[in-house]
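Visitor: Sharing a structure, written as structure tokens. Questions coming.
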Amino acid sequence: MTSTGESARPVDRFESARLTVLQHVGVRTCFHCRDNECKQYAWAVEELTHHAGGRHLLCRLGLLPTAHNSPPEGQPR
């Protein structure tokens, strides 16, 4: 997992966010977690909401309502 500042490439941010979310689904923790709070996980979920594939993953994992799986207003399908 990388921090948000390590790469400006969208694909790298997406992959880091995807891996972070999947880590928390299986183990529910990572080395960034402190006192039941994980800023990396919060960042990852937020990052994935900016990508259609990320929204689909979050919906599949039950982390977003299905209604949020559609593209934002003004975005092509």
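Visitor: What net charge do the residues around LYS39 carry, taking every other residue with its C-beta under 14 Å from that of LYS39, with Lys and Arg at +1 and Asp and Glu at -1?
Guide: Taking every other residue near LYS39 into account, the sum is -3.
Visitor: Next up: May I ask you to sort VAL27, VAL21 by Cβ crowding, counting other Cβ atoms within 10 Å and putting the fewest first?
Guide: VAL27, VAL21
Visitor: Which order do ARG34, ARG60, ARG18 fall in if you start with the one that has the fewest other Cβ atoms within 10 Å? Don't jump to the answer; show the numbers that get you there.
Guide: Working: ARG34 8, ARG60 11, ARG18 18.
Ranking ARG34, ARG60, ARG18 by Cβ neighbours within 10 Å, fewest first, gives ARG34, ARG60, ARG18.
Visitor: Further question on the same structure: Tell me the volume per residue, in Å³, of the convex hull enclosing the alpha carbons of the stretch 10-69. Can you show the working numbers first?
Guide: Working: hull volume 4.4 nm³, N = 60.
Roughly 73 Å³ of hull volume per residue.
Read the figures in this text as sums done on the coordinates, not as results from a lab. As the structure is a computational prediction, the values presented were derived from the model and not from experiment. Because the Cβ atoms are built from the backbone with ideal geometry, glycine has one as well, and the counts that use them run over all protein chains shown.
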